[in-house]
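The block underneath contains the structure these notes are about, expressed in structure tokens.
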Amino acid sequence: MNRLARLFAISLVSMMAMSCAQKSIDVLIVSGQNNHNWPVSHVALQQIMNQSGLFNADVALTPEAGGDMNTFRPDFSRYDVVIMDYNGDDWPEPTRNAFVDFVQNGGGLVIYHAADNAFTDWEEFNRMIALGGWGGRDEKSGPYCFLENGELTCDYTPGPGGNHGQQREYQMHCRNASHPITKGLPDNWMHGRDEMYDSMRGPANIGDLLYSGQTDAATGGSGREEPLVFTVDYGDARIFHIMIGHAGDSLEDNPAMQCVGFQTLMLRGTEWAATGKVTQKVPADFPSCEAPSFRPEYHE
């Protein structure tokens, strides 16, 4: 190979490497029904993803409650990762099967907040979320799962699944500082005003517990340290489950989703679910252990 050919080959390899490095991660946000404010949450999620420069996020909205769900047939296979912002009517069997195939064949999955309230009777989905709440969940759904003396504990006491106390600011406690999603993040940081889920039930197939929080019995919580952010042990799939991030009344009044800590976890967890890696640096404005920090425009 002469010198000119070698230079051309090196240049071509370099351009291909740059092209690969700059390729966006394709994300599908599934929304359209929820007991939470999905018209706010799905827009905020899309802005967080797209404004990061790492992702290209589309949205698939289901028909309204009671509508013809047979028309809901998104092509999951076009995407690297799906973010679930959905809690509503059951999907038709072909859509369920396509979703399961996507996750089992290497597609990433992010379970966001009230999506873990969905599909109580869908066994495969409950294995994908590990823990869920409401929707009639009880001891038949699986045990309660919480921390006791710093260790995850399963409690098979009968009772309903799903609870949260009054919204408040609260501290997040890191449980695995070496995972790609949490690496470099503070051990403890203050999250913006949000719900804190507790008394969740399910198969409890948590992979890596990343963050937990101490509930407040005085304001309606369980009084226990509860798992809030974790990966799910579901075959070879990469599933990231984040229970925080309750949508506010509007995009402007939305402290849980405007919290830099929440946005950072969403971005890092989605990248990990899609690729198995996290390339993002810890933002300079990440919350401290004393106070949250916010981005009114969702991402800078």
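From the list PRO186, PRO180, which residue is under 18 Å from the mean Cα position of the chain (by Cα), surrounded by fewer than 20 Cβ atoms within 10 Å (Cβ to Cβ) and in contact (Cβ under 8 Å) with a residue 40 or more places away in the chain?
PRO180
Search region 264-284 for residues that are of a type in the set (Asp, Glu) and pair each with any residue that is modelled with pLDDT of 95 or more and open to solvent by 30 Å² or more (accessible area, probe 1.4 Å) when their beta-carbon atoms are under 8 Å apart and the residues are at least 6 apart or on different chains.
GLU271/LEU54; GLU271/LYS277; GLU271/VAL278; GLU271/THR279; GLU271/GLN280
Among the residues of region 190-247, count how many are on the phi > 0 side of the Ramachandran plot, in contact with a Leu (Cβ under 8 Å, 6 or more places away or on another chain) and open to solvent by less than 10 Å² (accessible area, probe 1.4 Å).
1
Only residues that are small (Gly, Ala, Ser), under 12 Å from VAL82 (Cα atoms) and free of Cβ contacts under 8 Å to residues at least 40 places away in the same chain: list them for region 26-68, please. Spell out the reasoning first.
Narrowing region 26-68 to residues small (Gly, Ala, Ser): 31-32, 41, 44, 52-53, 57, 60, 65-67.
Narrowing further to those that are under 12 Å from VAL82 (Cα atoms): 31, 57, 60.
Listed by number, the residues that qualify are ALA57, ALA60.
The values are calculated or read from the model by the stated rules, or taken from the named source; none is laboratory data. Worth saying up front: this structure is predicted, and the values here are computed from it rather than measured. We place every Cβ from the backbone using ideal geometry, glycine too, and count neighbours over all the protein chains shown. Surface accessibility is based on the protein's heavy atoms, side chains included, excluding ligands, DNA and RNA. Shrake-Rupley method; radii C 1.70, N 1.55, O 1.52, S 1.80 Å.
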